[in-house]
Amino acid sequence: MVDFDSLPADAPPQERALHVLETVFGYSSFRGHQGEIVQHVAGGGDALVLMPTGGGKSLCYQVPALLRQGTGVVISPLIALMQDQVDALDEVGVRAAFLNSTQSFDEAMQIERRLRQGDLDLLYVAPERLMTPRCLDLLESARISLFAIDEAHCVSQWGHDFRPEYIKLSVLHERFPQVPRIALTATADQQTREEIIHRLQLEDARQFVSSFDRPNIRYQIVEKANGRKQLLDFIKSEHPEDAGIVYCLSRKKVEETADFLRSEGINALAYHAGMDYAQRTANQARFLREDKIVMVATIAFGMGIDKPDVRFVCHLDLPKSVEGYYQETGRAGRDGLPADAWMAYGLQDVVQQRRMIDESDADETFKRVLGTKLNAMLALCETLHCRRVHLLDYFGEKSAPCGNCDTCLTPPVSFDATVEVQKLLSTVYRVEQRFAPGHVIEVLRGIDGERVKQWRHDQLSVFGVGSDRGEAEWRAILRQVIALGLLTVDADNYSALKLTEAARPVLRGEQAVQLRRYQKPEKAKRSSQRSSFVETDLSTEEQALFEKLRWWRVETARAHNVPAYVIFHDATMREIAKARPQSLDDLRHVTGVGEKKLETYGAQIIALIAEMQAAQSS
Ligand code: ADP
Ligand code: ZN
């Protein structure tokens, strides 16, 4: 399908690959390892590709599929997204189709025919479909250029998305030994990686491990006071016009939060596994297709969502692990433009998560794993240092302070909290380790409420020893003390606080404790220092053109029945608004404009710019 005529017949492989990248996808250079991976797979080699979300995995198999003879088969568990993927390829002139259970028999027959005739560059198949004898026979009767195994971590039983069908994919190697295979995932840990290699028989594959840094994402974790209100302030001040995702732990909270945001004038939708299928899918489709929608969801939402212009991901509850947090926040800013990962976190989160682990019916070993993962997450929340350094270090990558996270931008102040912590631990001890956080804090602060009096806790020597600090401050201290493991919350006993072994040396004065100083949650304000590495500021005139292009895109997307970003990304339209191309040749140089799009939309864009300029000069 690609037109190689303009290249000399003996052009070296790199040049052919770049030619495809430029003419089909409209990009001028490969990113990171992409170029090497494309060379390797186009040359017939097997590959294991580890790249963060938004790193650009798709091109790693799409370009080789276009360089090699035959059809590239992409195995993906995400049936719901295949239509959009195929539509996007169609827009750039690549012949693509999918086979899955959503199709009628006739549709499937037609695609099978196209495959046998060599009329497809790429074919997306669900793993359970691929494993049917009929499908394997079909593939044998066609010419296959490569197999791409997307979301390859689904073979891992350790991972979070295990799919039993994936284990059987080793059959590909047995039945098609000549066809190169490329497995791709955004899950970084060593254990998953080893399991992918083992299960898919990729022992001889070359491994390409990218940096997991997402420099355009700004990480921010704030103290939770009134989470919903803080969220609203954040959205209103930082992202009033943007698409974003808000994660909550429970279905109920998802519904309540979406209702609340809607009542405040924000275009919010809900998504969780308890909703009926039709409603859930309709909401997902709207999120993908329309601009400026905020999706409030449980973590059931998001796998494989490749909407490039999600500008923020918020967490209203603490995620269970750093892996989960990183995967969820990674859905922001896939287009490389500045994006935010924002989380509100407080004492209640720590108590709740610890309780959930205690109360689960997992065996002791697994509970310990869950506890370790939670501790790592807490350490990230409480760190006094760069969040990004901490995150990357968790994935085994060393880095330097980033300048684009909250702790870098407004360094937290630590203080020697030994005395405060001693007061707190003593109070827990004096109330016989039988009371929940709220009560302990009342005693500390010397509040003689009814319950305190009833238990005669106003008679204790510790009553009021912490009256110099407010409730929010004590909660912040208590939260950190629990995170440090000096106190635990007893789930079986009304969330009573209990001392741990680790508390002893602190109580005896043998060990000092440094804590983060409490900072009153401020109303979020638009920060003056938006990330500087991507040019985002448009002049008034450029902005006007950009808005005009946006309108044009909405209408065009509707007419073609595809998501807006499939027509052009925001980044491409910003570049057009800045460069104001006057001819098709000028437009060709804009990132994201390939030959097919130039042909389809070029004239309309040039006309739109001319019209605007005429209006401005008259
Ligand atoms: P992943 O699957 O790794 O999450 P994608 O393949 O969806 O990432 O790519 C993320 C975004 O980056 C897409 O919008 C894609 O068009 C863009 N992209 C990928 N490679 C390049 C490149 N070499 N130049 C410019 N943009 C790219
Ligand atoms: Zn930082």
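The values are calculated or read from the model by the stated rules, or taken from the named source; none is laboratory data. Keep in mind that what you see is a predicted model, and the values were worked out from it rather than measured. Heads up, the Cβs are rebuilt from the backbone with ideal geometry, glycines too, and the neighbour counts pull from every protein chain shown.
Quick rundown of the values:
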| read-out | value |
| --- | --- |
| Single match in K252, K367, K307, K292 (criterion: at pLDDT 95 or above and either polar (S, T, N, Q) or away from ligand 2 (no atom under 16 Å from the Cβ) (or both)) | K252 |
| Residue in region 118-127 that is out of contact with any strand residue (DSSP E or B) (no Cβ under 7 Å at 6 or more places or on another chain) and of a type in the set (S, T, Y) present | no |
| Among the residues listed as V351, V369, V389, the single one being touching a residue at least 24 places away in the same chain (Cβ under 8 Å) and not basic (K, R) | V351 |
| Answer from A376, A344, A362 - the residue that is at pLDDT 95 or above, away from ligand 2 (no atom under 12 Å from the Cβ), out of contact with any Ser or Thr (no Cβ under 6 Å at 6 or more places or on another chain) and small (G, A, S) | A344 |
| Boolean, F395 is within 16 Å of ligand 1 (Cβ to nearest atom), more than 30 Å from G509 (Cα to Cα) and not acidic (D, E) | yes |
| Residue in region 103-121 that is closer than 30 Å to P13 by Cα, free of Cβ contacts under 8 Å to residues at least 24 places away in the same chain and either surrounded by 20 or more Cβ atoms within 10 Å (Cβ to Cβ) or charged (D, E, K, R) (or both) present | yes |
| Residue, nearest to ligand 1 (Cβ to nearest atom), within region 402-432, restricted to residues that are part of a strand (DSSP E or B) and surrounded by fewer than 18 Cβ atoms within 10 Å (Cβ to Cβ) | S414 |
| Residue list for region 390-410, filter: in contact with a Leu (Cβ under 8 Å, 6 or more places away or on another chain) and not charged (D, E, K, R) | H390, L391, Y394, S399, G403, T407 |
| Residue identified as charged (D, E, K, R), more than 9 Å from ligand 1 (Cβ to nearest atom) and within 26 Å of A559 (Cα to Cα) among E91, E36 | E91 |
| Among (1) surrounded by fewer than 20 Cβ atoms within 10 Å (Cβ to Cβ); (2) touching a residue at least 60 places away in the same chain (Cβ under 8 Å); (3) assigned by TED's automatic domain parsing to the domain that holds F287 - the single one K398 does not satisfy | (2) |
| Residue selected from region 404-454 under the condition among the aliphatic types (A, V, I, L, M) and without any contact (Cβ under 8 Å) to a residue 24 or more places away in the chain, by the criterion farthest from ligand 2 (Cβ to nearest atom) | V452 |
| Hey, V419 in contact with a Ser or Thr (Cβ under 6 Å, 6 or more places away or on another chain), within 21 Å of R517 (Cβ to Cβ) and of a type in the set (V, I, T) or not | no |
| Residues (surrounded by fewer than 23 Cβ atoms within 10 Å (Cβ to Cβ) and touching a Ser or Thr at 6+ places or on another chain (Cβ under 7 Å)) located in region 226-248 | R228 |
| Residue within region 383-402 that is over 26 Å from K320 (Cβ atoms) and within 15 Å of ligand 2 (Cβ to nearest atom) present | yes |
| Any hit, region 380-401, residues being assigned to a helix (DSSP H, G or I), within 27 Å of Q157 (Cα to Cα) and basic (K, R) | no |
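Yes/no matrix, rows are residues, columns are (1) within 30 Å of G592 (Cβ to Cβ); (2) surrounded by 15 or more Cβ atoms within 10 Å (Cβ to Cβ); (3) away from ligand 1 (no atom under 16 Å from the Cβ):
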residue: V322; (1), (2), (3): no, yes, yes
residue: Y326; (1), (2), (3): yes, yes, no
residue: A344; (1), (2), (3): no, yes, yes
residue: R354; (1), (2), (3): no, yes, yes
residue: T365; (1), (2), (3): no, no, yes
residue: A379; (1), (2), (3): no, no, yes
residue: L391; (1), (2), (3): yes, yes, yes
